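The values are calculated or read from the model by the stated rules, or taken from the named source; none is laboratory data. As the structure is a prediction and not an experimental result, all values here were calculated from the model. Cβ placement follows ideal geometry from the backbone for every residue including glycine, while neighbour counts extend to all protein chains displayed.
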Amino acid sequence: MTPPVFIFVGHSNAGKTTFVEKLIPELTGRGVNVATIKHAHHKVALDTEGKDSWRHKQAGAAMSMLVTTTALQLVADAVDRREPQQLAERFLGEADLVLAEGFSQAAGPKIEVLRRACAKPPRCTLADGLIALFTDCAEVYPELPHFALDDVAGLADFLLHYRQP
């Protein structure tokens, strides 16, 4: 079963990462097993050249997993499956809920982090899947639920009770 995926969008420096970082302990404190997916627009080294897991991928393995006593890292080909929902289906089945950051072009329910101090218009529209705003801009999309920039618990309640139309 694929967990529900919520996509957090917003302009650079709007506070997406900070907010998701606050939302995770709020949800886990309620017993929710949370997974995250972060979209990066730039190339990031996922494995260290020369290490065993890197060598396995270079040899042609579709996936390589590095497991330590406290963590694991999976490196897998994702050329044809990069959308948050597809990634959740493929890798995050153990989670109760997935928080994806970025992915403004992807399909799925989106929550925009929009701060007046950033002086930018919303990144997404209702047609893009926007379902709520975490904002100090009451005039933007008044038909959607708004959560104050410090109302992490309120948004957690919303996510846990959200049902897609």
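Observations
- Applying the criterion of being among the acidic types (D, E) and touching a Pro at 6+ places or on another chain (Cβ under 7 Å) to the residues of segment 82-113, the residue that is farthest from P145 (Cα to Cα) is D96.
- Those residues of segment 79-100 which are exposed (fewer than 13 other Cβ atoms within 10 Å of the Cβ) and at pLDDT below 70, in sequence order: V79, D80, R82
- Answer from A127, A117, A88 - the residue that is farther than 22 Å from L23 by Cα and in a helix (DSSP H, G or I): A127
- Residue within segment 137-151 that is of a type in the set (S, T, Y), in contact with a His (Cβ under 8 Å, 6 or more places away or on another chain) and modelled with pLDDT of 80 or more present: no
- Being in a loop (DSSP other than H, G, I, E, B) and either over 20 Å from L27 (Cα atoms) or under 15 Å from the mean Cα position of the chain (by Cα) (or both) is true of L144.
- With respect to being closer than 24 Å to F158 by Cβ, at pLDDT below 90 and either assigned to a loop (DSSP other than H, G, I, E, B) or touching a Leu at 6+ places or on another chain (Cβ under 9 Å) (or both), I24 falls outside the description.
- Number of residues in segment 41-62 that are modelled with pLDDT under 70, closer than 26 Å to F103 by Cα and surrounded by 10 or more Cβ atoms within 10 Å (Cβ to Cβ) equals 2.
- Where a residue in segment 142-156 is in contact (Cβ under 8 Å) with a residue 40 or more places away in the chain and surrounded by 15 or more Cβ atoms within 10 Å (Cβ to Cβ) and its partner, wherever it lies, is among the hydrophobic types (A, V, I, L, M, F, W, C) and part of a helix (DSSP H, G or I), with Cβ under 6 Å and at least six apart: V152/L23; A156/L27
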